[in-house]
1. Defining a contact as two alpha carbons under 8 Å apart and six or more residues distant in sequence, what relative contact order in percent does region 11-88 show?
2. Select from 14, 68, 22 the residue whose mean-square fluctuation is largest in a Gaussian network model of the chain (Cα-Cα springs shorter than 10 Å).
3. Take the Cα of residue 66, step 7 Å along the line toward its Cβ, and report every residue of region 18-56 whose backbone nitrogen sits under 18 Å from that point.
4. How much accessible area per residue does the chain have, in Å², with a 1.4 Å probe?
5. What part of the accessible area of the chain, given as a whole %, is carbon or sulfur when the probe is 1.4 angstrom?
6. Name the residue, out of 77, 58, 34, whose mean-square fluctuation peaks in a Gaussian network model built on the chain with Cα pairs under 10 Å.
7. Could you calculate, for the chain, the ratio of the Cα radius of gyration to the Kirkwood radius, expressed as Rg to Rh?
Amino acid sequence: MLIGTVQAYGYAEVEQSVTTDVQPSVAISKISSNESGSINPATGTNTGLSASFQIQTNGTDDDYDFIVTSSIITPENGTVSAYGQNGC
């Protein structure tokens, strides 16, 4: 009669997926800017005013409509649009 021990090994793996439905959201952060400088009121040219932003969304482009605005303060008219009459 043969007497001995038998070794047995087992391995189990379980996978689980979770699906969520969330509203579209967006995060906007300023990357860099140059906020000092001047604008020539006669020509509209500036001395390097600029701003760069990072936009991160959790959806597709069809989920969002981004509207970009800009304003400046003038001594004569208070706060006015920084865009010219042609929209740029």
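The values are calculated or read from the model by the stated rules, or taken from the named source; none is laboratory data. Note that the structure is predicted; figures quoted are calculated from it, not measured. With ideal geometry, Cβ positions are generated from the backbone for all residues, glycine too; neighbour counts draw on all protein chains shown. SASA here: full protein model, heavy atoms, side chains in, ligands and nucleic acids out. Shrake-Rupley method; radii C 1.70, N 1.55, O 1.52, S 1.80 Å.
1. 23
2. Result for the chain, Cα springs under 10 Å: 14 fluctuates most.
3. Backbone N within reach: 24-34, 50-56.
4. Numbers: 8630 Å² over 88 residues.
Solvent-accessible surface per residue comes out at 98 Å².
5. Working: 4370 of 8630 Å².
Heavy-atom surface of the chain belonging to carbon and sulfur, 1.4 Å probe: 51 percent.
6. Largest GNM mean-square fluctuation: 77.
7. On the way: Rg = 30.1 Å, Rh = 19.6 Å.
The Rg/Rh ratio comes out at 1.54.
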